[in-house]
Amino acid sequence: MSLLRRRDFLLIFASFALSSFGDYLALLALTIRVHDSTGSGWAVSALLLTGLLPLVAFAPLAGLLVDRMETVRVLAVAAVAQAIVAVGLAMTGALVPTLVLSFLLGLGFAVTQPALFALVPKVAGEENTTQANAYLEVARWGGATIGPLAGGTLTAAIGSGGALLIDAGTFFIVAAAAVALRARRPPLPAEVEAGGPRPREAREGFSFLLRDHLLGMVVLVTAAMVLFAAIDNVAEVFFAKGVLGAGDTGYGALVASWTLGMVVAATVIARRVPALRLALAVLLAAVVGGSAIAFAAALPSVPLAVSMWFIGGGANGMENVGLRSLIHHRVPERIQGRVFAAYYAVINGASIGATVLGGALVAVAGARGSLLTAGLGGLSAGLIGLIWYARLRSREPAVLVSGPSGPTDRPVPEAAPGS
């Protein structure tokens, strides 16, 4: 039976799409408001940082909350809290309250994101997690595509306050969908864990990434890829309009082709990757994505750039689906909330660094040089990852196998690949 015919998974799918839609709608509305009211680039940067910082700073506590309480209840309460914050944002126009409320909205997202992904095996089945993650990637980028368009249109029509009230409504709908779920993810009491409760269990997600050599390596390579790839976000508008001479339409075509590539790769390729090849697929995607951007920068041409952006987006989609699925396969269920929170903390930390690095690099090397640096950097990260993978395969073959989640502290190895 198709996953989309499963009631609980359909609710998660719709919640993820609606959450993504609301996030991007709010981001655009708030960015327009801060820009128009202050005219300051620093103020806009502060807005973006207040939304990202909670995902990094509060990841251990957010993940622990997801694992230590019934996950559906956590998701519903966090969504209601985000709705209230969004109403507050709609009612204020001053910069300081906006930044404070934006930080609180990001704090809610730090909880809802790992909660949604921790529920995936419960609503899709352990055997369908890769396919489920592929569908969720489509939901995410569907919402991310429509959200900014709706945000711009609604802000122009009814103002940023009205757009933010609509965002608040999306949070209330997500909370209602969470309450309607039949699946439950009850916490494992601390006293039944091996060795009893541990004083630093909030950091267990990061500790697991350090202990699991394969997963830790793939997360590290992906973070390096994000660090370089996110430079594209800063440089691509300058590349499209200045280097390619493609204007606003060409810039829009680049952004759209990247998103389309993500959706196509998630639906056609990523969901078919077997569990034993997920890590390898993520590393190969890093090589392909970096190569595509470097190629486009080296030989600037509108048709080539659009094609390479499509390939780069596909590689990005493959990385997202593959890594989330790898976490589902390798991480014991009792700490999946903490590991997802740790993973997104690392990725968002890299994204923050890339935002700063991208602006400085464009100023020094120009758009073409920045994209060439980003592409070659991503390619190098992927190649280093493949070499690392080969060394792990020869030294610790059992570590390379995706083990089923369970109550143990370490992944349960199966037979070595090819046996």
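The values are calculated or read from the model by the stated rules, or taken from the named source; none is laboratory data. Note that the structure is predicted; figures quoted are calculated from it, not measured. Cβ sites come from the backbone with ideal geometry, for glycine too, and all protein chains shown count toward neighbours. Calculation scope for accessible area: heavy atoms of the full protein, side chains included, ligands and nucleic acids excluded. Shrake-Rupley method; radii C 1.70, N 1.55, O 1.52, S 1.80 Å.
Residue separation of Asp36 and Ala176 scaled by 0.36 nm, minus their Cα-Cα distance, works out to 47.0 nm of gained length.
Compactness of the range 53-161, taken as the C-alpha radius of gyration over 2.2 N^0.38 Å, stands at 1.23.
Report in % the part of the accessible area of the range 212-296 that belongs to carbon and sulfur, leaving out ligands and nucleic acids; probe 1.4 Å. It is 72 percent, rounded to a whole number.
Listed peptides 145-156, 336-347, 376-387 appear in the order 336-347, 376-387, 145-156 once ranked by packing, highest mean of other Cβ atoms within 10 Å at the front. Comparing mean-square fluctuations of Val56, Val100, Val364 from a GNM of the chain with C-alpha springs under 10 Å, the top value falls on Val364.
The overall shape of the range 272-374, judged from the alpha-carbon gyration tensor, is oblate: a/c is not under 1.5, and a/b is no greater than b/c.
A 1.4 Å probe run over the chain, with the rest of the protein chains in place, finds 41 Å² accessible per residue. Dividing the summed -39500 (n - 2.57) terms of all DSSP H runs of n ≥ 4 by the residue count of the chain sets its mean residue ellipticity at 222 nm at -27500 deg cm²/dmol. With Cα atoms defining each centre, the range 250-326 and the range 359-383 are spaced 17 Å apart in the structure. Here the calculated FRET efficiency for Arg211 and Leu383, from their Cβ-Cβ distance with R0 = 22 Å, stands at 0.30, rounded to the nearest 0.05.
Helices meeting the span-like rule in the chain (full DSSP H runs, Cα extent of at least 15 Å along the helix axis, mean Kyte-Doolittle score of 1.6 or higher): 41-57, 71-91, 95-124, 213-229, 278-298. Expressed as a whole percent, the accessible surface of the range 87-143 that belongs to carbon and sulfur atoms is 71, based on a 1.4 Å probe. For the peptides 68-79, 11-22, 269-280, residues were scored by their other Cβ atoms within 10 Å and the scores averaged per peptide; the highest-first order is 11-22, 68-79, 269-280. Taking Arg368, Arg200, Arg185 as the candidate residues, the one with maximal mean-square fluctuation in a Gaussian network model of the chain, Cα springs under 10 Å, is Arg200. Using the Cβ-Cβ distance between Thr153 and Arg200 with R0 set to 51 Å, the FRET efficiency works out to roughly 0.60.
Just so you know, the averaged projected area of the alpha carbon convex hull for the range 293-348 sits at 4.6 nm².
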